[in-house]
């Protein structure tokens, strides 16, 4: 396991919630959602926070509207900092609809991305089409993250559908499963219209997964991050985190914010997992 970044108060302050995993890691992953940071902004954030970021997502089809030279520079900066990066899953949906899946994957590799997301949150992929997309991506040397859940809040998957999809994705070569939450964190996946966790949907996802270490929960809101940390510990994997919230999330994970510090205070009675 890689050494942790040396903090300004190392040796003085011990993290109240216990030791955080260090890169490369299987647990405690953090995925950033970057909707349009410039190269210099990206460099600045990585100088501060690269040890706390595992995946850097350029969501939707934003990669397509970057100037090519800027996108190549940006991907190079992210990769040089030891962070994996990939374009959003909706982009792959579009390319699949247009019959450009293999050329799209080849272009992803050519641009310098080292990962890809396979999902059917907007369009319907058959299990065979989903497996084929994973196979093509892996054959090009890309790490594969897949996503479960629909972007339309009126479309909820059954526990059986979720379980089958997860098992098939892992068997096909997916490294992690992303639980849909969108960038709003409201009215989709495990969240209700107010952004609160819907208990039945959370339990359904956990039971379907079996091994929650495979899951990356999209949790753009601090209240969601806090609740998932309370339930699963500081090394739960979280995604769709806004870039400006990375250090705040890392402090939350470690118990360096009042919101999670209280979990270790005497008299706290609501700790523990589900």
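Could you work out the relative contact order of the chain? I mean the mean sequence separation of Cα pairs under 8 Å and 6+ apart, divided by the number of residues, in percent.
Details: 476 pairs, mean separation 53.4, N = 274.
Value for the chain: 20 percent.
Could you order peptides 195-204, 9-18 by the average number of other Cβ atoms within 10 Å of their residues, highest first? Don't skip to the end; give the middle numbers.
Details: 195-204: 15.7, 9-18: 11.8.
Top to bottom by mean Cβ count within 10 Å: 195-204, 9-18.
Kindly rank 20-26, 73-79 from highest to lowest mean number of other beta carbons found within 10 Å of each residue.
Values: 20-26: 14.6, 73-79: 19.7.
Those peptides, ordered most packed to least, come out 73-79, 20-26.
Per DSSP H run of n ≥ 4, the term is -39500 (n - 2.57); total these for the chain, divide by its residue number, and report the mean residue ellipticity at 222 nm rounded to 500 deg cm²/dmol.
Numbers: 10 runs with 106 residues, N = 274.
Rounded to the nearest 500, the figure is -11500 deg cm²/dmol.
What distance in nm separates the two pseudo spin-label positions at residue 122 and residue 193, each 7 Å out from Cα along the beta-carbon direction?
2.5 nm
At 0.36 nm per residue, and after removing the present C-alpha to C-alpha distance, how many nm does the segment from residue 110 to residue 129 gain when stretched out fully? Write out the running numbers ahead of the final one.
Working: separation 19, 0.36 × 19 = 6.84 nm, distance 2.31 nm.
So the chain would gain 4.5 nm between residue 110 and residue 129.
Using r as the Cβ-Cβ distance of residue 72 and residue 183, and R0 as 22 Å, what FRET efficiency do you calculate, to the nearest 0.05?
Values: r = 25 Å, r/R0 = 1.13.
With a Förster radius of 22 Å, E is 0.35.
Could I have the simple spin-label model distance between residue 175 and residue 245, label points 7 Å from Cα toward Cβ, reported in nm to one decimal?
Calculated label separation equals 2.4 nm.
Work out, step by step, the length gained on full extension between residue 48 and residue 168: first 0.36 nm times the residue separation, then minus their alpha carbon distance; give nm to one decimal.
39.4 nm
Report the residue, chosen from 173, 187, 38, that carries the largest GNM mean-square fluctuation when the chain is represented by alpha-carbon nodes joined by springs under 10 Å.
Evaluated over the chain, the most mobile residue of the options is 38.
Taking the Kirkwood radius as the inverse of the mean 1/r across Cα pairs, report the Rg/Rh of the chain. Walk me through the numbers before you get to the answer.
Details: Rg = 18.4 Å, Rh = 19.2 Å.
Computed over Cα atoms, the ratio is 0.96.
With r as the distance between the Cβ atoms of residue 207 and residue 265 and R0 = 22 Å, compute the FRET efficiency 1/(1 + (r/R0)^6) and round to 0.05. Write down the numbers at each step before the final one.
Working: r = 31 Å, r/R0 = 1.42.
In this case the efficiency is close to 0.10.
Once both labels are modelled 7 Å past Cα along the beta-carbon direction, what's the residue 158-residue 40 spacing in nm?
5.6 nm
FYI, it's all coordinate maths here, none of it is from the lab. None of the values given here were measured: they were computed from a predicted structure. With ideal geometry, Cβ positions are generated from the backbone for all residues, glycine too; neighbour counts draw on all protein chains shown.
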